[in-house]
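As structure tokens, the structure follows; a few thoughts come after it.
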Amino acid sequence: MSRTLEFVALIITDTIAVAISCILYLRIRFPESFSVMGFSGSEGQMIYPLYASVALAFFWIVVLLIAGMYRERHASSRIDEIVSLTKVITVGVLILVFSIFIDVLETGGSLSIFATYWISVLGLVVFGRIIVRSVQKALILRGYGTHRALVVGWRDKVDRLYRDVAKYPAAGIQIVGSVRLGQQVDEPKNGSEIIDEESVHAIEQLPDLIDDLQVRDVLIALGSQDHKELSEVLQLCDGKNVTLKIVPDFYSVIGGMARTEHIYGLPLIEVLPVPMPVWEQYTKRLIDLVVALIILVIGLPFWIGVIIAVKTTSEGGAVYRQKRVGRKGRVFTMYKFRTMCMDAEAHTGPVWASEDDPRYTAVGRWLRKTRLDEIPQLLNVLRGDMSLVGPRPERPYFVEKLIGKIPLYNRRHRIKPGITGWAQVMWHYDSSLEDVRQKVKYDLYYIENMSLRMDLKILFRTLRAVVSGGGR
């Protein structure tokens, strides 16, 4: 089952479940006057079950979405999903009771009716989910919807992990190749190998293999002392749209950077998950949209004035377009108010700006100092290419050069780039390789500790820099 089909199936079953629960609640609450086409409630107001069902279905879909109940749960435990659903639906029912039905409670409404509603919502949603997951598991056992995986590690551990994966077909992992650190690719086999000779590759081939074989998971089979080898694997996988999982005995090395999970009895540890909870991710996106719209709309007369000032004081357009590398290595077009003269890099090629760069225009220097040159990037935020807060996106030319010079540089591409970030409020603009090294440290710190509270802290510091003219 594809990710899109899974999402659609869950939406349909949940919608049907909560709609039926709504009708059951109204049938129990108003047994004598109930009618699907509408009836008069206890206080004389008209109640339309179909409309109420649609409204409540929308409410529940939003609640489940914010709670992360629609994220991919490939071959995960159904018990864990039921426990999560119980928590989310309990909170949802309490929200409904205290925001909509509080008057009913005060006038003698029975709590047992709401308990029945809670049981019906939970029971029907869980029932629908079990059907979807059962179909999903049946398809996985037949080879549909499996995750293609590479195994990386020492030869004996690779073979052992391959045997473990083969014991649990319901885990939905299909090993399509291996990178064996304790063996040369052309080394003769001893006849007891489990993985075909053609599927054994060298460590240097790992990034290309991930792309060529369409790999979703990289399974790491190393020992607890193999720090150097782990670091190399992490660096080679940086920027790739894959999930890294390791065998449990390596947990002491990873510490707080891992999340343990059991996939149908197969114990694996996910490395470097995004620490921000799902509800915070959705809230972060909502804040991005609201703030971007407010700044663009309210400040529209001023932005028009900036455009006129840029165009009348120097040749060229007011808005500058440039290719940048975003999340998962995708290249997008980023917008800025032009701060330099036309063809500023015609003779030098791509170079970083310096503090007293002669290429700045008079208006451009002021825009850079106040950081208002970044305002057009709010359009990138609305399009979903960027966020308000995140690592600053770099040009493909520099990304190619920096990947080989700065370890883990590609890890910056795990999340959306931002207009401002922890590195920007803690450090100055890039002017040398050492500046980039320092800012990468700040970017990685943000990625491993990102939260709404930290985003608000960064936005406040950025606003202070804009007001004080602390940019450059």
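The values are calculated or read from the model by the stated rules, or taken from the named source; none is laboratory data. Owing to the predicted nature of the structure, the values given are computational and were not obtained by experimental measurement. Glycine gets a Cβ as well: all are built from the backbone with ideal geometry, and neighbour counts include every protein chain shown. For the accessible areas, the whole protein counts, side chains as well, though only heavy atoms, and no ligand, DNA or RNA atoms are used. Shrake-Rupley method; radii C 1.70, N 1.55, O 1.52, S 1.80 Å.
Over the alpha carbons of segment 365-465, what is the largest minus smallest coordinate on each principal axis, giving the biggest first in Å?
Extents along the principal axes: 33, 33, 26 Å.
Please give the net charge around Val331, taking every other residue with its beta carbon less than 12 angstrom from that of Val331, where Lys and Arg add +1 and Asp and Glu add -1. Present the calculation step by step, with values, prior to reporting the outcome.
Numbers: positive: Lys323, Arg324, Arg327, Lys328, Arg330, Arg395; negative: Asp385, Glu394, Glu400.
Cβ neighbours under 12 Å give a net charge of +3.
Under a 5 Å amide H to amide H cut-off, with H placed in plane at 1.01 Å, what residues pair with Gly418 once short-range neighbours are removed?
Correct list: Ser387, Gly390, Arg392.
Considering only protein heavy atoms, with the full assembly of protein chains and a 1.4 angstrom probe, order Cys237, Cys341 by accessible area, largest first. Mind showing how you got there, number by number?
On the way: Cys237 5, Cys341 60 Å².
Ranked list, largest accessible area first: Cys341, Cys237.
Rounded to two decimal places and with Rh computed the Kirkwood way over Cα pairs, what is Rg over Rh for segment 271-344?
Values: Rg = 17.2 Å, Rh = 15.4 Å.
Reported Rg/Rh (Cα atoms, Kirkwood Rh): 1.12.
Among Gln438, Tyr409, Leu463, whose Cα projects farthest towards the positive end of the dipole of segment 380-472, with charges put on the beta-carbon of Lys, Arg (+1) and Asp, Glu (-1)?
Working it through, the farthest residue towards the positive pole turns out to be Leu463.
Which links in Lys369/Lys457; Lys284/Lys457; Lys284/Lys311; Lys228/Lys323; Lys157/Lys401 stretch past 23 Å when you go from one Cα to the other? Please report the intermediate quantities before stating the final value.
Values: Lys369/Lys457 21 Å; Lys284/Lys457 13 Å; Lys284/Lys311 35 Å; Lys228/Lys323 34 Å; Lys157/Lys401 34 Å.
From the list (Lys369/Lys457; Lys284/Lys457; Lys284/Lys311; Lys228/Lys323; Lys157/Lys401), the Cα-Cα distance tops 23 Å for Lys284/Lys311; Lys228/Lys323; Lys157/Lys401.
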